[in-house]
1. Of the residues Ala33, Ala48, which is in contact (Cβ under 8 Å) with a residue 12 or more places away in the chain, touching a strand residue (DSSP E or B) at 6+ places or on another chain (Cβ under 9 Å) and outside any strand (DSSP E or B)?
2. Among the residues that make up region 119-134, is at least one of them within 19 Å of Leu4 (Cβ to Cβ) and in contact (Cβ under 8 Å) with a residue 40 or more places away in the chain?
3. Looking only at residues in region 56-70 that are touching a residue at least 40 places away in the same chain (Cβ under 8 Å) and over 17 Å from Ala115 (Cβ atoms), which one is nearest to the chain's Cα centre (by Cα)?
4. Would you be able to tell me the number of residues in region 51-79 that are buried (at least 17 other Cβ atoms within 10 Å of the Cβ) and of a type outside the set (S, T, N, Q)?
5. Sort out which residues of region 71-95 are more than 28 Å from Glu39 (Cβ to Cβ) and under 14 Å from the mean Cα position of the chain (by Cα), and write them in order of number.
6. Consider Glu32 carefully, then state whether it is loosely packed, with under 15 Cβ neighbours inside 10 Å and of a type in the set (D, E, K, R).
7. Scan region 46-56 and give yes if some residue there is under 21 Å from Leu94 (Cα atoms), at pLDDT 95 or above and in contact with a helix residue (DSSP H, G or I) (Cβ under 6 Å, 6 or more places away or on another chain), otherwise no.
8. Name the residue, out of Ile64, Ile68, Ile98, that is in a loop (DSSP other than H, G, I, E, B) and either modelled with pLDDT of 90 or more or within 16 Å of Leu4 (Cβ to Cβ) (or both).
Amino acid sequence: MIGLLILAQRDFGKGLLYSAEHVLGTLPPGIEALPVDYELPQERLEQAIVECLKRLDRGNGVLILADIYGASHTNAACRLLNKHHVELVSGVNLPMLIRVLNYRDLNMDGLVAKALTGGPEGIVSAPAVLRKAEPN
């Protein structure tokens, strides 16, 4: 099973985990949220990510779901991509996380593809969905 690390500002990642647990009834193993502390020097932040990767990688790698690309924490994660069996997808939201949790039996490429479709497909305009559902 591929490990999952949510890398996000303060309580955002933990909030996603609580929400996923509510939706699924239980939180599957092999997933953690690392709250980003912007007071930490880059080296310490990178080391904290490495420690999470070591705990989460059971041989199939770790998919990092991050809140925003280009921030210090995703830059730190990017420096680890070639050193560990890690992939990074940014823009994490609850639909993306639920999709990933439901497809963890896929290989890394397949799981990344599910993450990339789960995020935007979870963004909907309610009026547009309701109009499509109305009989003509």
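The values are calculated or read from the model by the stated rules, or taken from the named source; none is laboratory data. Keep in mind the model is a prediction, meaning the values are calculated, not measured. Because the Cβ atoms are built from the backbone with ideal geometry, glycine has one as well, and the counts that use them run over all protein chains shown.
1. Working: Ala33 fails: outside any strand (DSSP E or B).
Selected residue: Ala48, the only one of Ala33, Ala48 that is in contact (Cβ under 8 Å) with a residue 12 or more places away in the chain, touching a strand residue (DSSP E or B) at 6+ places or on another chain (Cβ under 9 Å) and outside any strand (DSSP E or B).
2. Scanning region 119-134 turns up no residue that is within 19 Å of Leu4 (Cβ to Cβ) and in contact (Cβ under 8 Å) with a residue 40 or more places away in the chain.
3. So, considering only residues that are touching a residue at least 40 places away in the same chain (Cβ under 8 Å) and over 17 Å from Ala115 (Cβ atoms), the one nearest to the chain's Cα centre (by Cα) is Asp57.
4. 15
5. In the first step, residues of region 71-95 are kept if they are more than 28 Å from Glu39 (Cβ to Cβ); the result is 85, 95.
Of everything in region 71-95, just one residue is more than 28 Å from Glu39 (Cβ to Cβ) and under 14 Å from the mean Cα position of the chain (by Cα), namely Pro95.
6. Values: loosely packed, with under 15 Cβ neighbours inside 10 Å: no; of a type in the set (D, E, K, R): yes.
The answer is no for Glu32.
7. no
8. Values: Ile64 fails: in a loop (DSSP other than H, G, I, E, B); Ile98 fails: in a loop (DSSP other than H, G, I, E, B).
Exactly one residue qualifies, and that residue is Ile68.
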